[in-house]
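The values are calculated or read from the model by the stated rules, or taken from the named source; none is laboratory data. Since we're looking at a predicted model, the values are computed, not measured. Heads up, the Cβs are rebuilt from the backbone with ideal geometry, glycines too, and the neighbour counts pull from every protein chain shown. Just the protein is used for accessible areas: all its heavy atoms, side chains included, with ligands, DNA and RNA removed. Shrake-Rupley method; radii C 1.70, N 1.55, O 1.52, S 1.80 Å.
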Amino acid sequence: MGFNNHGIDAMIRNIEASSYQGILGINIGKNAATPIEHAADDYLICLEKAYAHADYIAINISSPNTKNLRALQGGDELSALLETLKNKQAHLHAAHGKYVPLAVKIAPDLDEAQIEDIAHVVKSVQMDGIIATNTTIDKSSLGNHALAKEQGGLSGLPVRGKSNQVLKLLAEHIDGALPIIGVGGIMEGRDAAEKIRLGATAVQVYSGLIYQGSALVKDCVAAIR
Ligand SMILES: Cc1cc2nc3c(=O)[nH]c(=O)nc-3n(C[C@H](O)[C@H](O)[C@H](O)COP(=O)(O)O)c2cc1C
């Protein structure tokens, strides 16, 4: 758990070696060892290195597995981080002659006041998008399941209700100012259609692919249509 990986340079080498064609989103987060007050440095390094290779970049401040990461969702911390990244984006836009949208990814474990604050910040710094949601730390839906006390974020069906609740409130507060990407518990096509109905402009699937494979994508497209 956590962002255990070989780092941004290794990831870029992998992208350069791949023949993949299509829309590529790159998801960036801070190192576990970086103190939270220096978090922006890690995001800036990743943004700079990933920029030329990405079609969009997701700013991950909502993984439950990196200590204190979710503290970056608080109003003041969030606006400081996102403003810094939007300034960097403006410089990179000029340097590369290419505009790469930035979307911030939030947790499902937020109350309405926090969601309202986040909506206010993303509108005022003119983020290009917001992704709702990451995994949940709320294991209550698992009841007495043998693994209910395990650490880590919960994805798939158990996060769907919370993700949809956050999406609905977020869409009300965002009020069309920027696109929302809905994610969390899309296990079949109608779950994707529900996200669009609640205010998402696009959807992402992750855990559902494990159960349905790529047929899930076709099912989502058909249900949304
Ligand atoms: C094993 C695993 C690893 C994940 N890694 C990341 C990550 O690095 N960055 C991120 O923003 N979200 C990460 N997520 C969250 C997913 O992208 C997604 O937001 C979440 O699982 C809810 O969607 P789902 O129910 O379709 O899986 C991860 C989820 C899982 C299960």
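Note the per residue figure in Å³ for the convex hull of the C-alpha positions in region 163-220.
Values: hull volume 3.5 nm³, N = 58.
Dividing the Cα hull volume of region 163-220 by its residues yields 60 Å³.
Obtain the nm distance between the two label points defined at ILE137 and ARG197 by a simple spin-label model: each point lies 7 Å from its Cα along the Cα-to-C-beta direction.
The two pseudo-label positions are separated by 3.2 nm.
Taking the Cβ of CYS220 as the centre, find all other residues whose Cβ is under 10 Å away and add up their charges (Lys, Arg: +1; Asp, Glu: -1). Mind showing how you got there, number by number?
Values: positive: ARG190, LYS195, LYS218, ARG225; negative: GLU188, ASP191, ASP219.
Residues close to CYS220 contribute a combined charge of +1.
By how many nm would the segment from HIS145 to ASP55 grow when fully extended, if each residue of separation counts as 0.36 nm and the alpha-carbon distance is taken off?
Values: separation 90, 0.36 × 90 = 32.40 nm, distance 4.02 nm.
Full extension of this stretch gives 28.4 nm more.
Largest first, what is the accessible-area ranking of THR135, THR201, THR84, THR66 with a 1.4 Å probe?
Numbers: THR135 30, THR201 95, THR84 50, THR66 5 Å².
Sorted descending by solvent-accessible area, the residues read THR201, THR84, THR135, THR66.
Starting from region 96-170, pick out the trypsin sites (Lys or Arg not before Pro) whose DSSP state is loop and whose Cβ has at most 10 other Cβ atoms within 10 Å. Write down the numbers at each step before the final one.
Numbers: sites: LYS98, LYS105, LYS123, LYS139, LYS149, ARG160, LYS162, LYS168; in loops: LYS98, LYS139, LYS149.
Passing both the DSSP loop test and the Cβ count: LYS149.
How far apart, in nm, are two points set 7 Å out from the Cα along the Cα-to-Cβ line at ALA223 and at ALA80?
4.1
With r as the distance between the Cβ atoms of ALA177 and HIS6 and R0 = 41 Å, compute the FRET efficiency 1/(1 + (r/R0)^6) and round to 0.05.
Values: r = 37 Å, r/R0 = 0.91.
It comes to 0.65.
How do MET127, MET1 stack up against each other in accessible area, from largest to smallest, with a 1.4 angstrom probe?
On the way: MET127 10, MET1 140 Å².
The ranking, largest first, comes out as MET1, MET127.
If you take the alpha carbon radius of gyration of the chain and divide it by 2.2 N^0.38 Å, what ratio comes out, to two decimals? Each step should come with its number before you reach the end.
On the way: Rg = 17.2 Å, N = 225, 2.2 N^0.38 = 17.2 Å.
Normalised Cα radius of gyration, the chain: 1.00.
Report the far tail of the P(r) of region 61-146, meaning the percent of Cα-Cα pairs longer than 14 Å. Write down the numbers at each step before the final one.
Details: 2469 of 3655 pairs.
When all Cα pairs of region 61-146 are counted, 68 percent exceed 14 Å.
For the chain, what is the relative contact order in percent, using Cα pairs closer than 8 Å and at least 6 residues apart in sequence? Spell out each step's value before the answer.
Numbers: 384 pairs, mean separation 33.3, N = 225.
Taking the mean separation of contacting Cα pairs over the length of the chain, I get 15 percent.
Among all the lysines, which ones have a C-alpha under 21 Å from LYS195's C-alpha, if same-chain residues fewer than 8 places away are not counted?
Partners found: LYS105, LYS123, LYS162, LYS168, LYS218.
Would you please name the chymotrypsin sites (Phe, Trp or Tyr not before Pro) within region 19-73 that are DSSP coil residues with at most 10 other C-beta atoms within 10 Å of their C-beta? Walk me through the numbers on the way to the answer.
On the way: sites: TYR20, TYR43, TYR51, TYR56; in loops: TYR20.
Passing sites in region 19-73 are TYR20.
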